[in-house]
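Note sheet for the following structure.
Every number in this text was worked out from the coordinates using simple rules, so none of it is lab data. All values reported here derive from a predicted model rather than from experimental measurement. Virtual Cβ from ideal backbone geometry, glycine too; neighbours counted across all protein chains shown.
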Amino acid sequence: MKNLKRVLAIVMVTALSLSILAACGGGGKKSNDYALLSKSTGNPYMEKQAEGFKEAVAEFEGNAIVKFPANPTAEDQIAMITELVSQGVAGIAVAANDYDALEPALKEATKKGVKVISLDSSVNPASRLTHVNQADPVAIGVSLVEAAFDLTGGSGQFAILSATSTASNQNTWIENMKKTLEDPKYADLELVKVAYGDDLRDKSVSETEALLQTYPDLKCIVAPTTVGIAAAAKVITDNGLVDTIAVTGLGLPSEMAEYMVEGGACPYMFLWNPIDVGYLAGHTLKAMVDEKATGKVGDKFEAGRLGSMEVVDATSGDGGTEVLLGDPFKFDLDNIGEWKSVY
Amino acid sequence: MTAKQDKSIVRSLSVARLRDIGLVLFIVILSIFIQFRNSQFLTISNLNNMLINACIMGILAVGMMMVIITGGIDLSIGSTLALSGMSAGLFVRDNPDAPVIIAVLIGIAVGMAAGFVNGLLVGKGGVLPLIATLGMMNVYRGLTYIIAGGAWVSAHQMNDGFKAISFYNILGINSMIWIAAIVFLIAYFFLNYTRTGRRVYAVGSNYEASQISGTNVDNIQILVYTIMGGVSGLSGILWVSRFASAQGDTAQGFEMNVIAACVLGGVSITGGSGKVPGVALGTLLLGILRNSLPLLKVSPFWQDAIYGVIIMIAIIVNVMVKRTVDKRNLQRRHI
C-alpha cells in the first residue's frame, strides 16, 4: 500500500514536471493568445463581456481564449490562471472573484512574462498592470442628475433610493450627484432625501412608499441600484402614479423591461454596456502586450471603435491605475426590447 | 368538570389576555408617537401599505411559532421561500398560458417537500433543529441558484394572472391581507381545538411525558416542519408575485425577522408556549416599525439602532408584565 502511494507520487511529479517543461518550450516564440478569465459560467452579463472581448481580439487578429470557471470562486480562477500560463498566453484579463486571493497566481504569471490586467471587478494593484473600469463615477453622477433634471421638467423635488449606506460605489455616485447639483443650472432641483433600501426588495418597497407619503410633491426617484430601481418602479406602477412620478437610475434591462413601456414608470435608465467593457479590455491587453502602454498614469493607446484611451489613477483610490470606459450606457424605450433578453 | 378546574381555565385565559394587553398598549403608544412625528402615518393608504408589507412575515411567523412551540427552530425558511418562489417563477416563465393555480400549487409543494426533509432530519434523524435547518438553509439556497442556472425571472416574463395574486382586491381589501387572515384563523383553530394541535404544545412542554403518554413525537415534529415549509412556499409565491421578481438571493436573512416577530409575540423560545393572537401582535409591531422608521424623518443611519432599541423595550415590558402576573398567581395559590 505504502509502495503504491510512493510510485503514484513519483509518477505524478514526473508528469507535472514534464508538462511544465513542455510549457516552457512553447514559450519561445511570441504568443498571440489573449485570455479572458470570467467570473463564473451561466452569467448572461459575463457572456456579453466575453463577446466584446472576442470582437476586440478578432480586430487585431489575435487568438481569443475565454475561460468560465464552474464556480464563482477564487480557487477555480487560480487553477485556470495556472493552466493559461502553462499554455503560454500573451496576456490575461481577469474579472476577479476575489480582490486579494489571486495575487500569488497572477504574480507568478507576470514573472513568466504574461501581461495581467483586470476588468469589471479588480484585483489589487500589486497583481495587475491596470484595471478596466466599467463606468466613470463622475459621468454616472452627471448622467443621473441630468436625467432627474429632464424628468422633473427642470424643477421640483426628487429623491435618491440607494442600496446600503456603506456601499462604496453607491456613496461615490451619490457624492458625485451632489457635486453636480451645485451647478446653478440645477438650482430649482431639490434633493429631498437619500433613502437606503439595503438592496432588499421588501425594504426598498417600504422606503419608496415612505417617500411617497412624506413628499407628496415628489416628481422623480433616482435609484442607482438594480434592486432599488425595480422596487421603486413596481410601487409607482401599482399605485397608479406613473404620470406624476418618474423613476430612473441604474437598472438591469431584463428587470426593468416591464416598466419601460409607453406610459410606464421608467422612461429611461442607465447601466454600462458589458460588450464595451469586454471590448475595451481586449484592446487594453493588446496595448500592454505590445508594450505601447505599461499601465502608468498618462499612458495613451488606441482602443478600436472606442478611440483613444488614457490610463488614470484608480477611482476606487486603491493606489493602482485604471482605464475608464466612459459614460454609462443609456437604455430607453427604443433599445430595451433587444437588451431585455441579454441580461 | 369541577368548579375549581373551571376557575383555573378562566385564570389562565386572563393571564394570556393580560400579556397581550401589554403589547397592545405598547403598539398604541408607539403609534401615537409616530403620528405626532409624521401625520401621514395614520392614513388609510399608509396603513394599507403597512399591513400588506407585514403579511408575508405574519404568515411565516405562524409556522415558525408551531416549530418553536415543539422546542425547535427553522433557519431555512428564507431559503425555502426563495426556492419555492423560484420554482413557481420558472414555471410561469416557461408556461405563460398555464393556469396560475398550478404555479401556486408547485410553490407550496416545493416548500412542503423542503419542510418535510427538515422534519425527517429533526424527528427521525435526531439532528438538533438548529444544526439541521442551518445545513438545509444552505442546501435550499444552493438549489435555488442551480434550478435557475444563476439567472433570474423578471417582471416582463411573468403573466398578469401571476402578478395579480398579490394585487387583487376583494371587498376593497388586498388579497395578501385576506390570505394572511385565513392562515391566522386556521392556525388558531388547529392549535386550540384539534387533538393534534394540543399535542404540538404537549411535545414542547414535556417531551418525555408526551412520548410516554402515547403521542408519536416524531410525527408531530415532521408535521410542524412540513407546515412551516408549506407556509414558506405560500410566502414564496406571494413574494415573487408582489415584487414581480424571482432572484437567487430572495429573502436572505428573513428568518431572523420572523423569529423576532414570534419572540415579540410572547412565544417562548424554549418551547411549550405561544399563542396565535400574540404572534399577530408581534408581527403588527414589527410591521409598524419597518413601515414607520422611514417616515420618522430621522437620519437613516439611526434607523437600525432605533429599531433594535424599540424591540428590546417591547420584550422587557412583555417579560415584566408576565412576571408580575405570575407572581400574583402564586400569591393567590398560597391563600
### Query
For chain A, what is the Kirkwood estimate of the hydrodynamic radius, computed as the reciprocal of the mean inverse distance between distinct Cα atoms, to one decimal in Å?
21.8
### Nearest-20 debye value, the protein assembly as shown charge dipole, Cβ charges on Lys, Arg, Asp, Glu
3680
### Overall Cα dimensions of the protein assembly as shown, principal axis frame, Å, largest first
101, 82, 49
#### Entry: Within 10 Å of each Cβ in A:194-207, the average number of Cβ atoms from other chains
5
### Query
Calculated from DSSP H runs of 4 or more alone, at -39500 (n - 2.57) each and per residue, what is the 222 nm mean residue ellipticity of the protein assembly as shown, nearest 500?
-19500 deg cm²/dmol
### Message
How shielded is B:34-42 by partner chains, expressed as the average number of their Cβ atoms within 10 Å of its Cβ atoms?
### Response
1
### Query
GluC sites (Glu not before Pro) within the range A:255-322: which are DSSP loop residues with at most 12 other Cβ atoms inside 10 Å?
A:GLU262, A:GLU291
## Note on the structure
Of the residues A:LEU280, B:ALA251, B:VAL153, the Cα lying farthest along the dipole of the protein assembly as shown towards its positive end, which is defined by charges on the beta carbon of Lys, Arg, Asp and Glu, belongs to B:ALA251
### Query
Straight-line reach from A:LYS219: which lysines have Cα under 22 Å away, leaving out those fewer than 8 places along the same chain?
A:LYS178, A:LYS179, A:LYS185, A:LYS193, A:LYS203, A:LYS234, A:LYS330, B:LYS297
### Task
Please state, to two decimals, what the Cα-based radius of gyration of the range A:179-324 comes to when divided by 2.2 N^0.38 Å (N = residues).
1.36
#### Entry: Label-point gap, in nm, between B:ASN329 and A:GLU51 - each point 7 angstrom along Cα→Cβ
6.7
### Query
Kirkwood Rh, the range B:166-259, all Cα pairs: how many Å?
15.7
### Query
GluC sites (Glu not before Pro) within the range A:140-208: which are DSSP loop residues with at most 15 other Cβ atoms inside 10 Å?
A:GLU182
### Message
Tell me whether the range B:266-309 comes out rounded, prolate or oblate; compute the Cα gyration tensor, take square roots of the eigenvalues as a ≥ b ≥ c, and use a/c under 1.5 as the rounded threshold.
### Response
oblate
### Task
Provide a whole-number value for the mean count of partner chain Cβ atoms within 10 Å of the Cβ atoms in peptide A:232-242.
2
### Task
Could you run the Debye sum over the Cα atoms of chain B, one equal point scatterer each and no solvent, and tell me log10 of I(q)/I(0) at q = 0.08, 0.09 Å⁻¹, two decimals?
-0.40, -0.51
### Query
Please identify the trypsin sites (Lys or Arg not before Pro) of the range A:45-115 that satisfy two criteria: DSSP loop assignment and at most 16 other Cβ atoms within 10 Å. Which are they?
A:LYS112
## Note on the structure
Expected sort for A:LYS178, B:LYS275 with the fewest Cβ neighbours (10 Å cutoff) up front is A:LYS178, B:LYS275
